[in-house]
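K.L.:
I'd like to ask some things about the structure below.
The values are calculated or read from the model by the stated rules, or taken from the named source; none is laboratory data. Because the structure is predicted, anything quoted here is derived from the model rather than measured. Please note: Cβ atoms are built from the backbone with ideal geometry, for glycine as well, and neighbour counts cover all protein chains shown.
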Amino acid sequence: MTEVRTFDAEAVFAAVSPAEAVERTRTAFLRHRAGEWVMPAKTYVDAPPHGDFRAMPARGEGLAILKWVTSFPGNPARGLPVVAGALLVSSAETGELLAIVDCGAVTSLRTGAAAAVSAQALAREDARTAGLIGCGVNGAWAARCLAALGFTDGVCTDPRTEAADALASELGWRASSREEAVSADVVVTVTPGDEPVVLAADLRPGQHLAVLGADAHDKAEVELGAIERCALFCDEWEQASKGGELSTGVSAGIVEREGVTELGAVLAGQAEGRTSADDITLFDSTGLAIQDLGIALAVLGR
Ligand SMILES: NC(=O)c1ccc[n+]([C@@H]2O[C@H](COP(=O)([O-])OP(=O)(O)OC[C@H]3O[C@@H](n4cnc5c(N)ncnc54)[C@H](O)[C@@H]3O)[C@@H](O)[C@H]2O)c1
């Protein structure tokens, strides 16, 4: 019987740098777009009032994965992470289980990397400043991935000022107000999605927003009036229209399929990204299993 290897969070972070996570995530979007990697729909299992579980399968490059992962927003108050679970990695040739990988670490790397890939594809070429709203577990990795792309000037904001201070000092960024973070060239939101943190009045021409926190129905980080002003992109329409930031706009009738472009299509050169320096681009990330597969490949490759 094949030995099942286990990789804890420390092993995952040691194996995959933020820069590699960005590359692996970009590749994942491209392979999926090309139809080489497959990904059945994510399944939600609600666990009210605490949060929900998600089952996320994908197959590609000789592997098949299943991520069983939580979003339990109240967990930090209990000293527990919002995101936890395991990622099973099997051989797509023999079906054998090969590895069990810590899913919090994989999630953080691929989530942060998606924000960075979206900035590479959609931000203005002269974008220099980054603003991070929500400096928790996944926000921190978004900032690290942007820093790996060369964003040396950034602002962190969080009501937990100690989290914003620690991250800012790690990256050589500044901790400051929401108003300052939201005025950056690239704005990333990774809050629990309880209230809008990007308002219509905040927007200025040329910005890129990567909104990651609202990854299930009934969460939102961006005011509807702000969504209306943006050129809209998402990781996958099926998922984002039902359980992402854009789902609120879909329910309100202001967001339609034709008005939203998938990031993979832009990366593959099959669709337009930013069309002018004044466009305000918004990328809605809900988190895809293909991104997890990309990181799992990197971990097992070591
Ligand atoms: N899109 C994806 O792929 C993806 C992946 C993982 C997690 N998520 C979602 O991202 C969100 C955050 O997850 P996490 O694991 O980083 O949680 P976390 O609790 O570690 O971090 C959330 C942070 O947001 C801060 N915050 C709360 N309200 C805020 C506000 N109004 N302004 C600024 N900061 C505020 C909190 O203090 C905390 O530091 C959750 O909703 C989670 O479901 C999305």
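K.L.:
Counting only residues that are in contact (Cβ under 8 Å) with a residue 60 or more places away in the chain and buried (at least 19 other Cβ atoms within 10 Å of the Cβ), which one in segment 83-97 is farthest from N138 (Cα to Cα)?
P.N.:
The qualifying residue farthest from N138 (Cα to Cα) is V89.
K.L.:
Residues V187, V198, V182, V211: which one is within 15 Å of the ligand (Cβ to nearest atom), crowded, with 19+ Cβ neighbours inside 10 Å and under 25 Å from V69 (Cα atoms)?
P.N.:
V211
K.L.:
Identify the residue in segment 32-75 that is touching a strand residue (DSSP E or B) at 6+ places or on another chain (Cβ under 9 Å) and among the charged types (D, E, K, R) and, among all such residues, is surrounded by the most Cβ atoms within 10 Å (Cβ to Cβ).
P.N.:
Filtering first and then ranking leaves K67.
K.L.:
Please work out which one of (1) within 17 Å of V117 (Cα to Cα); (2) in a loop (DSSP other than H, G, I, E, B) is the condition R144 fails and give its number.
P.N.:
So the condition that R144 fails would be (2).
K.L.:
Another question about this same structure. Would you mind telling me which numbered condition in (1) closer than 24 Å to V211 by Cβ; (2) crowded, with 18+ Cβ neighbours inside 10 Å; (3) among the aromatic types (F, W, Y); (4) more than 16 Å from the chain's Cα centre (by Cα) F29 fails?
P.N.:
(4)
A quick yes/no check of all residues on (1) free of Cβ contacts under 8 Å to residues at least 24 places away in the same chain; (2) within 11 Å of the ligand (Cβ to nearest atom); (3) of a type in the set (D, E); (4) closer than 23 Å to G193 by Cβ:
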site: Q120; (1), (2), (3), (4): no, no, no, no
site: R124; (1), (2), (3), (4): no, no, no, no
site: R128; (1), (2), (3), (4): no, no, no, no
site: L132; (1), (2), (3), (4): no, yes, no, yes
site: N138; (1), (2), (3), (4): no, yes, no, yes
site: W141; (1), (2), (3), (4): no, yes, no, yes
site: R144; (1), (2), (3), (4): no, no, no, yes
site: A148; (1), (2), (3), (4): no, no, no, no
site: V155; (1), (2), (3), (4): no, no, no, yes
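K.L.:
Within segment 153-186, which residues are under 23 Å from R24 (Cβ atoms) and either among the aromatic types (F, W, Y) or not in a helix (DSSP H, G or I) (or both)?
P.N.:
G154, V186 - these are the residues of segment 153-186 that are under 23 Å from R24 (Cβ atoms) and either among the aromatic types (F, W, Y) or not in a helix (DSSP H, G or I) (or both).
K.L.:
Here is a follow-up. Can you tell me how many residues within segment 194-205 are in contact with a strand residue (DSSP E or B) (Cβ under 9 Å, 6 or more places away or on another chain) and either under 22 Å from L146 (Cα atoms) or of a type outside the set (A, V, I, L, M) (or both)?
P.N.:
Selection size over segment 194-205: 5.
K.L.:
Yes or no: A210 modelled with pLDDT of 95 or more and closer than 27 Å to R128 by Cα?
P.N.:
Yes.
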